[in-house]
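The values are calculated or read from the model by the stated rules, or taken from the named source; none is laboratory data. Everything numeric here is computed off the predicted structure, so don't read it as measured data. Note that we place each Cβ from the backbone using ideal geometry, even for glycine, and neighbour counts take in every protein chain shown.
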Amino acid sequence: MSAQNAVLQLTGVCKRFKGVIAVNNVDLDLRAGEIHALLGENGAGKSTLIKVITGVYTPDGGRIEIDGAAICPKSTLDAQKHGISTVYQEVNLLPNLSVAHNLYLGREPRRFGCIQWKKLQRDARALLQRFSLDIDVNELLSSYSIAVQQLIAIARAVDCAAKVVILDEPTASLDSREVGLLFQILRTLRDQGTAILIVTHFLDQVYALTDRLTVMRNGEKVGTFVTAELPREALVSHMLGKELQAMEASRASQHTDSVDPAALQLRELSSSNGIRNINFSAQRGDAIGLAGLLGSGRSEVCAALFGLDSVTEGEIRLGEAPYKPRSPAQAIAQGFALCPEDRKTDGIVHPLSVRENMIIAHQAQRGWWRPLRRSEQNKLVADATQRLKIVCSDPEKPIGELSGGNQQKVILARWLMTHPQILILDEPTRGIDIGAHAEILQLIRKLCAEGMTLIVASSEIEELVAFSNKILVMRDKRLSTTIAGQDISENAVLAAIAEPD
Amino acid sequence: MTNLMQHRLFLPLLALALILLANLVLSPEFFHLEVKDGRVYGSLVDVLNRSAPCALLAIGMSLVIATGGIDLSVGAIVAITGAVCANLLNSSFDTLPLVILAALAVGLAAGMVNGSLVSIFGIQPIVATLVLMVAGRGIAQLINSGQIATFQNDTFASIGIGSLLGLPAPVVIAAVVFLLVQFAMRFTALGLFIEASGCNPRASHYLGLNVRVIKFLVYCVSGLCAAIAGMVITADIQGADANNAGLWLELDAILAVVLGGAALSGGRFSLPLTMIGVLIIQAMSTTIIMSGIEPKYNLIIKSLVILVVLLLQSPSFRQQLRGLSGARNSLGGKA
Ligand SMILES: Nc1ncnc2c1ncn2[C@@H]1O[C@H](COP(=O)(O)OP(=O)(O)OP(=O)(O)O)[C@@H](O)[C@H]1O
Ligand SMILES: [Mg+2]
């Protein structure tokens, strides 16, 4: 069974948490010069397995071998000494240090014991150049969006070019251009003999990039396969344990010539966050997609609508009435809801429980003096857990203990509970597995059919095309093209993103 | 979570029980209670009575710490309230309701100063409240014209030395405040909102919570609690000493909150656990006095015992540390 030249070999690895067996008796061999995908549903145990390999958790059983020698990493630093470098699912850098310092933290270029800041900055710039990332490396990490932070974390790990590079959902918030660059770099690394383990929920990426793949389900290994020999349907049924119902690509109900005033209308909107002259209108039941490259202003439109940034010019109208939100509280009072892009800093409230995290937006809407009774809370939570298929052994456990995709679902459930009229989703399916992905898209369609207006910013064009009846393509913080109705297709959107005005 | 609750309650309670047990060994009459003139007497009642001021401060402090703040000024607010009460009682405005209202107003005003420094001007809580901690005693001295102001007023004195329902008045007052605040926190959503804004202020803002107002309000509550404690202390000694009233009491209050298992970085809080923390501190002082150890060793023994209790709570502590070093290592890990 043990394959030739396995760099990293796992035998019978187990990891238990209170009440959950997250990883159960998993074997895995990772060979030099291969890209290996680790796949499975949300909560299957992928991130936990990675954390066991890299010393964040100590395993409850099993062996980890590097080049045939058993290792037992006590910390990620220790794992690094054994040649394993890792990008975790949640960006794990220091937000209050500069980008350059983050890239070289713990391995700063030194002369006579002093850090050579100039060299460090130069190197940092050169390193980010490989990712076509042209940013000021002296700025604090926290001043950049989660996608940029993720690229920085990847650049750091790749630059450490070790024997083994592990990436946990590195592409979750990147758009196709960055993904392409990343893949190029990974292929180069592979050709140099590095073993790469990558977790992703995008099957296209699995087939485009990887040589072999391992599927996990409920903490157990289902099997390891050669990617090219495994048909897509078989892979999906290995992951879900059942067939995925074919998803028909129907759009949200089309409202062509409605006589009603638009539910939401933006006229020449500019905000303090840099977006300029945005115009669009949406009817009840519309699903509007916001497409564009990284930093094109998708998230900024969402932020302006939700009262996070102030409107500097132009106006927003809700039906007939002008709308000028100064805080999220005011936006929520007008029927808005926003699932933010960065779930770790703007979404989850850790260490409050899953239940509290789910009901808190609804509770905030009701006001502190009208508390939801515990029985009502339990019912709401149980319904949402079932509806969104959230894997959670106990709603009273801290939300940080859920897997990444399940945290995302909790945030979605939180806002659905407020019954918004206008739901804004910024990267809604970040980290969500394919089974749940289909269900969430279905849910979105149903909500639109019930009259909710939806605004979705996403780097996944395929997803936008699947449910939007209008797609706004952003470039340089402006609206560059609007594609509506029958004209919507993946190619049309891609062309609009790529073409210069 | 139920496991955690049991665990959270278990250690502070165990510590308290051990200290009480030590008392039993040292002096068998420690648990002796006696009813005289409809009032209960005994060492246990004494411990409760002495705990009352610290308990009052710790109630406000719990809320402030839950939002990730800290209030160093409560000792000084005690002194200001004392000075205001003593001077009013020596003037022609000496009716009880007026004095009480004035004291509460002083506490509220002080809390509003702290609250606005922190939530409107964005000053670090430790610095913002340090201002009033230092200035407050100066203000109290000004009000007292540098003297210790004494007064004769039996009605007001009964706040500190009277009895209600057979118990010392301070105990009853602290219990009522505790129940009121606990009710407000747990039978409305206030407790949840305070915890959320301490755990993750950014996410709380996205939820539509007004984090600034919440922060402002907890300092106001803390100021009010300090004013009540100030009245109890002043009534107890029937005088206001600007230099010594409530001196270092803010530190005991913070310690009580920490003994109750709250993190200074904000988040979860529990008023019942804080109360157990208060009792641990006070029971220990009483024990040291009763054991006949030379007084000069008091502070050292007290801090040693507290250190042990904090270390006993270390399972959660160690986990946090592990989490922290995990985060740091993961960074190093990519190096
Ligand atoms: N620190 C923890 N404490 C308790 N339970 C945990 C902890 N971390 C993970 N779990 C549980 O272990 C299981 C596996 O989680 P894991 O994060 O490995 O899933 P995953 O495969 O990475 O999912 P996703 O695709 O959503 O990221 C989940 O049921 C999760 O709730
Ligand atoms: Mg994961």
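Can you tell which of A:VAL13, A:VAL7 is surrounded by 15 or more Cβ atoms within 10 Å (Cβ to Cβ) and within 16 Å of ligand 1 (Cβ to nearest atom)? I'd like the intermediate steps shown before the answer.
Values: A:VAL7 fails: within 16 Å of ligand 1 (Cβ to nearest atom).
Of A:VAL13, A:VAL7, the one residue that is surrounded by 15 or more Cβ atoms within 10 Å (Cβ to Cβ) and within 16 Å of ligand 1 (Cβ to nearest atom) is A:VAL13.
If I ask for residues that are assigned to a loop (DSSP other than H, G, I, E, B) and not basic (Lys, Arg), which ones from segment A:160-187 would you list?
Those that are assigned to a loop (DSSP other than H, G, I, E, B) and not basic (Lys, Arg): A:CYS160, A:ALA161, A:ALA162, A:GLU169, A:PRO170, A:THR171, A:ALA172, A:SER173, A:LEU174, A:ASP175.
Please go through segment B:118-130 and give me each residue that is surrounded by fewer than 21 Cβ atoms within 10 Å (Cβ to Cβ) and either closer than 17 Å to B:MET61 by Cα or touching a strand residue (DSSP E or B) at 6+ places or on another chain (Cβ under 8 Å) (or both), ordered by number.
At the first step, the residues of segment B:118-130 found to be surrounded by fewer than 21 Cβ atoms within 10 Å (Cβ to Cβ) are B:120-124, B:126-127, B:130.
Within segment B:118-130, B:GLN124, B:ILE126, B:VAL127, B:LEU130 meet the criteria.
Please indicate, with yes or no, whether at least one residue in segment A:86-98 is crowded, with 24+ Cβ neighbours inside 10 Å, part of a helix (DSSP H, G or I) and within 16 Å of ligand 1 (Cβ to nearest atom).
For segment A:86-98, residues crowded, with 24+ Cβ neighbours inside 10 Å, part of a helix (DSSP H, G or I) and within 16 Å of ligand 1 (Cβ to nearest atom): absent.
Conditions tested, residue by residue: (1) crowded, with 22+ Cβ neighbours inside 10 Å; (2) touching a strand residue (DSSP E or B) at 6+ places or on another chain (Cβ under 8 Å); (3) over 15 Å from A:LYS15 (Cα atoms); (4) in the same structural domain as A:GLU139 (by TED's automatic domain parsing).
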{"residue": "A:SER47", "(1), (2), (3), (4)": "yes, yes, no, yes"}
{"residue": "A:THR54", "(1), (2), (3), (4)": "yes, yes, no, yes"}
{"residue": "A:TYR57", "(1), (2), (3), (4)": "no, yes, no, yes"}
{"residue": "A:ASP60", "(1), (2), (3), (4)": "no, yes, no, yes"}
{"residue": "A:GLU65", "(1), (2), (3), (4)": "no, yes, yes, yes"}
{"residue": "A:GLY68", "(1), (2), (3), (4)": "no, yes, yes, yes"}
{"residue": "A:CYS72", "(1), (2), (3), (4)": "no, yes, no, yes"}
{"residue": "A:ALA79", "(1), (2), (3), (4)": "yes, yes, yes, yes"}
{"residue": "A:ILE84", "(1), (2), (3), (4)": "yes, yes, yes, yes"}
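Of the conditions (1) among the charged types (D, E, K, R); (2) surrounded by fewer than 18 Cβ atoms within 10 Å (Cβ to Cβ); (3) away from chain B (no Cβ under 14 Å), A:ASP394 fails just one. Which one is it?
(3)
Would you be able to tell me the number of residues in segment A:21-46 that are small (Gly, Ala, Ser) and more than 10 Å from ligand 2 (Cβ to nearest atom)? First the steps, then the outcome.
The first filter runs over segment A:21-46 and keeps only residues small (Gly, Ala, Ser), leaving A:22, A:32-33, A:37, A:40, A:43-45.
Restricting the remaining residues to those that are more than 10 Å from ligand 2 (Cβ to nearest atom) gives A:22, A:32-33, A:37.
Residues in segment A:21-46 being small (Gly, Ala, Ser) and more than 10 Å from ligand 2 (Cβ to nearest atom): 4 in total.
Going through segment A:392-417 one residue at a time, which ones are assigned to a helix (DSSP H, G or I), touching a strand residue (DSSP E or B) at 6+ places or on another chain (Cβ under 9 Å) and polar (S, T, N, Q)? Can you show your working first?
We begin by selecting, within segment A:392-417, every residue assigned to a helix (DSSP H, G or I); these are A:399-401, A:404-416.
Restricting the remaining residues to those that are touching a strand residue (DSSP E or B) at 6+ places or on another chain (Cβ under 9 Å) gives A:399, A:401, A:404, A:408, A:411-412, A:414-416.
The answer is A:GLN408, and nothing else.
Between a first residue in segment A:47-61 that is away from chain B (no Cβ under 11 Å) and more than 16 Å from ligand 2 (Cβ to nearest atom) and a second residue that is outside any helix (DSSP H, G or I) and not β-branched (Val, Ile, Thr), which pairs have beta carbons less than 6 Å apart while being 6 or more apart in sequence or on different chains?
Listed pairs, sorted by first residue: A:PRO59/A:LYS15; A:ASP60/A:CYS14; A:ASP60/A:LYS15; A:ASP60/A:ARG16; A:GLY61/A:CYS14.
B:GLY267 is checked against (1) crowded, with 24+ Cβ neighbours inside 10 Å; (2) outside any helix (DSSP H, G or I) and fails just one. What number does that condition carry?
(1)
Can you tell me which residues in segment B:89-113 are assigned to a helix (DSSP H, G or I), farther than 13 Å from B:ALA235 by Cα and hydrophobic (A, V, I, L, M, F, W, C)? Quick ask: steps written out before the conclusion?
Initial filter on segment B:89-113 (assigned to a helix (DSSP H, G or I)): B:89, B:96-113.
The next check asks that each one be farther than 13 Å from B:ALA235 by Cα; those that pass are B:97-98, B:101-102, B:104-113.
Once the filter is applied, which keeps residues that are assigned to a helix (DSSP H, G or I), farther than 13 Å from B:ALA235 by Cα and hydrophobic (A, V, I, L, M, F, W, C), segment B:89-113 yields B:LEU98, B:LEU101, B:ALA102, B:LEU104, B:ALA105, B:VAL106, B:LEU108, B:ALA109, B:ALA110, B:MET112, B:VAL113.
Criterion first (in a loop (DSSP other than H, G, I, E, B), away from ligand 1 (no atom under 16 Å from the Cβ) and either within 22 Å of A:VAL56 (Cβ to Cβ) or away from chain B (no Cβ under 14 Å) (or both)) does A:LEU128 satisfy it? I'd like the intermediate steps shown before the answer.
Values: in a loop (DSSP other than H, G, I, E, B): no; away from ligand 1 (no atom under 16 Å from the Cβ): yes; either within 22 Å of A:VAL56 (Cβ to Cβ) or away from chain B (no Cβ under 14 Å) (or both): yes.
In short, no.
Taking the stated definitions as given, is A:GLY431 assigned to a loop (DSSP other than H, G, I, E, B) and surrounded by fewer than 16 Cβ atoms within 10 Å (Cβ to Cβ)?
Values: assigned to a loop (DSSP other than H, G, I, E, B): yes; surrounded by fewer than 16 Cβ atoms within 10 Å (Cβ to Cβ): no.
No, not satisfied.
Can you report the number of residues in segment A:136-166 which are within 16 Å of ligand 1 (Cβ to nearest atom) and away from every other protein chain (no Cβ under 11 Å)?
Looking only at that region, the number is 2.
For segment A:367-381, indicate whether the set of residues that are in contact (Cβ under 8 Å) with a residue 40 or more places away in the chain, away from ligand 2 (no atom under 16 Å from the Cβ), over 18 Å from the mean Cα position of the chain (by Cα) and over 29 Å from A:VAL199 (Cβ atoms) is non-empty.
Step one: of segment A:367-381, the residues in contact (Cβ under 8 Å) with a residue 40 or more places away in the chain are none.
Checking segment A:367-381: not a single residue is in contact (Cβ under 8 Å) with a residue 40 or more places away in the chain, away from ligand 2 (no atom under 16 Å from the Cβ), over 18 Å from the mean Cα position of the chain (by Cα) and over 29 Å from A:VAL199 (Cβ atoms).
Would you be able to say whether some residue in segment A:63-85 is at pLDDT 85 or above, within 13 Å of ligand 1 (Cβ to nearest atom), at the interface with chain B (Cβ under 9 Å from one of its Cβ atoms) and out of contact with any Asp or Glu (no Cβ under 7 Å at 6 or more places or on another chain)?
No, that holds for no residue.
Which of the numbered conditions does A:SER47 fail, given that it passes all the others? Conditions: (1) within 9 Å of ligand 1 (Cβ to nearest atom); (2) hydroxyl-bearing (Ser, Thr, Tyr); (3) assigned to a strand (DSSP E or B).
The one condition A:SER47 does not meet is (3).
Return the only residue of A:LEU197, A:LEU189, A:LEU174 being more than 14 Å from chain B (Cβ to nearest Cβ), closer than 24 Å to A:GLY68 by Cβ and away from ligand 1 (no atom under 16 Å from the Cβ). Let's see the steps before the verdict.
Values: A:LEU197 fails: away from ligand 1 (no atom under 16 Å from the Cβ); A:LEU174 fails: closer than 24 Å to A:GLY68 by Cβ.
After ruling out the rest, the residue left standing is A:LEU189.
Check every one of the helices (runs of 4 or more DSSP H) wholly within segment A:313-391 and list those with 2 or more residues that are at the interface with chain B (Cβ under 10 Å from one of its Cβ atoms).
Details: elements: A:328-333, A:354-366, A:374-387.
It comes to A:328-333, A:354-366.
Are there helices (runs of 4 or more DSSP H) fully within segment B:183-252 with at least 1 residues that are away from every other protein chain (no Cβ under 14 Å)? List them. So that I can check it myself, show each step before the final result.
Working: elements: B:190-199, B:201-206, B:211-237.
Where helices (runs of 4 or more DSSP H) fall fully within segment B:183-252 and carry at least 1 residues being away from every other protein chain (no Cβ under 14 Å), they are B:211-237.
Let's see how each residue does on (1) out of contact with any Pro (no Cβ under 8 Å at 6 or more places or on another chain); (2) without any contact (Cβ under 8 Å) to a residue 40 or more places away in the chain; (3) more than 14 Å from chain A (Cβ to nearest Cβ):
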site	(1), (2), (3)
B:LEU14	yes, no, yes
B:ALA22	yes, no, yes
B:LEU33	yes, yes, yes
B:ALA52	no, no, yes
B:LEU63	yes, no, no
B:ILE70	no, no, yes
B:GLY82	yes, no, yes
